[in-house]
Amino acid sequence: MDSSDPKTAVMRQIQQEAAVTNARSLVEKLNDHCFERCVPKPSTSLSKNEETCMSQCIEKYMAAWNAVSKVYVGRLQRDQAAGNSGFV
Amino acid sequence: MDSLGAASNLDFTKLSERDKQELQQFVVQESQKAALQSNIHKTTDMCFKKCVTSKISSAQLDRYEAPCMEQCVERFMDANKVVFKELDRMRALQ
């Protein structure tokens, strides 16, 4: 079962921490971008429009993040297959 | 009472050589993954700024934004390559 094996325990902890860090980065960027874009002039409360903008922005940013992940990894793989030499 | 939380409470003296090697390899892999994820976050941040410039009025990337995001990643990596090539050239001149 679980923690009698220190190796497995360490591996699990490393993976957990990596996942937390990754999620935290995403949340931070979502907050930054969407607040910047959707609440240019903070007033006494979030308006309905600002809230709608926030939720659309969050989904859009996640779509952008997914797109970047796909293209980025694809590009790395292509470059690697091409032998890394700087030639285009 | 001893929940398994902190790795510092673990007894590493029991690890076999093989386990140690495996662990080391795992750590290398995970740091590469973490570096990749961090790069993806940075790139998304940068390209979102460049590509999503109009008022946000839908939850999807529109037909301008989607190709822009893709091109942004590709061109950023092209530009990266140029930087390295240029640094290489400068070093060779020294």
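One table, with the values for the structure above:
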item	result
Among A:ASN31, A:VAL20, A:ASN66 the positive-end extreme of the charge dipole of chain A (Cβ point charges)	A:ASN66
Estimated [θ] at 222 nm from DSSP helical runs (n ≥ 4, -39500 (n - 2.57)) normalised by residues in the protein assembly as shown, nearest 500	-26000 deg cm²/dmol
Vicinal HN-Hα couplings computed from phi for segment A:27-42 (Karplus, 6.51 cos²θ - 1.76 cosθ + 1.60; Hz; Gly/Pro x)	4, 4, 5, 4, 4, 4, 5, 6, 5, 4, 7, 9, 10, x, 10, x
Label point distance in nm, B:LEU36-B:SER54, each placed 7 Å from Cα along Cα→Cβ	3.4 nm
Computed E for A:GLN80/A:ALA19 - FRET, C-beta separation, R0 30 angstrom, nearest 0.05	0.75
Dipole magnitude of chain B about its Cα centre (Cβ charges: Lys, Arg +1; Asp, Glu -1), debye to nearest 20	480 debye
Long pairs among B:LYS42/B:LYS85; B:LYS20/B:LYS85; B:LYS50/B:LYS81; A:LYS7/A:LYS29; A:LYS48/B:LYS49; A:LYS29/A:LYS70, criterion Cα-Cα beyond 30 Å	B:LYS20/B:LYS85; A:LYS7/A:LYS29
Dipole magnitude (debye, nearest 20) for chain A, charges at Cβ of Lys, Arg, Asp, Glu	280 debye
Mean projected area in nm² (Cα convex hull; one quarter of hull surface) for chain A	10.8 nm²
Principal semi-axes in Å for segment B:19-94 [√(5λ), Cα gyration tensor, largest first]	32, 24, 8
For the protein assembly as shown: span of alpha carbons on each principal axis (Å, largest first)	59, 58, 30
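Readers should treat all values here as calculations from the given coordinates under stated rules, not as data from a laboratory. Model, not experiment: these values are computed from the prediction. Glycine also receives a Cβ, built like all others from the backbone with ideal geometry; neighbour counts cover every protein chain displayed.
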